[in-house]
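See below for the structure under consideration.
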Amino acid sequence: MSKTSATSLPSLSVRIDLDAEDRIGPGKILLLEQIRECGSISAAGRAMDMSYKRAWDLVDEINRICRQAAVERQTGGKNGGGAVLTPFGLSLVARYRKIERDAATAVRKDLEALRSDIGKPKKAAGR
């Protein structure tokens, strides 16, 4: 994962609270995208500098809170198994990214104004 450059700040991060305890945010969506790219939960976790257990726990949480599987595990076989996103998982990622883009577009001018305000030099105390 790359670090955000100072010139791109402030930025918007979207977290969707589904209820008091369950949420979908950028980390879970990125994990789903990495699973799609890597074809493996453990490889996706490694790509995100995340422990094997943490990646598996997050996948279990995503599948539980969505009440349908976003990730399907494939066991054994010639290539040692892996994981794929279900059609629902692909839709979840696409819908989240659309919400994220739409939200960023809606607040773009305000973020630019905030960036400009934050970038102004601080006034010395008592002047």
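Can you name the residue in the range 65-99 that is among the basic types (Lys, Arg) and over 23 Å from Ser13 (Cβ atoms) and, of all such residues, is surrounded by the fewest Cβ atoms within 10 Å (Cβ to Cβ)?
Out of the qualifying residues, it is Lys78.
List pairs: first residue in the range 98-112 and among the charged types (D, E, K, R), second residue not in a helix (DSSP H, G or I) anywhere in the structure, Cβ distance under 7 angstrom, at least six positions apart or on different chains.
From the range 98-112, the pairs are Glu100/Val14.
Going through Gly45, Gly25, Gly89 one at a time, which residue ends up being under 18 Å from Ile99 (Cα atoms) and touching a helix residue (DSSP H, G or I) at 6+ places or on another chain (Cβ under 7 Å)?
Only one candidate qualifies: Gly89.
Identify all residues within the range 84-127 that are farther than 30 Å from Ala55 by Cα, in a helix (DSSP H, G or I) and either out of contact with any Pro (no Cβ under 8 Å at 6 or more places or on another chain) or modelled with pLDDT of 95 or more (or both); write none if there are none.
Across the range 84-127, the qualifying residues are Thr105, Ala106, Val107, Arg108, Lys109, Asp110, Glu112, Ala113, Ser116, Asp117, Gly119.
Taking only pairs six or more apart or across chains, which ones have beta-carbon atoms under 9 Å, a first residue in the range 10-31 that is over 25 Å from Ser51 (Cα atoms) and modelled with pLDDT of 90 or more, and a second residue that is of a type outside the set (Gly, Ala, Ser) and not in a helix (DSSP H, G or I)?
Pairs that qualify, where the first residue is over 25 Å from Ser51 (Cα atoms) and modelled with pLDDT of 90 or more and the partner is of a type outside the set (Gly, Ala, Ser) and not in a helix (DSSP H, G or I), are Leu18/Ile24.
Which one of these is in a strand (DSSP E or B) and in contact with a Gly (Cβ under 9 Å, 6 or more places away or on another chain): Arg73, Arg36, Arg54?
None of the other options fit; the residue is Arg73.
The values are calculated or read from the model by the stated rules, or taken from the named source; none is laboratory data. Since the model is a prediction, treat every value here as computed from it, not as a measurement. As a convention, Cβ positions derive from the backbone with ideal geometry for all residues, glycine included, and neighbour counts pool all protein chains shown.
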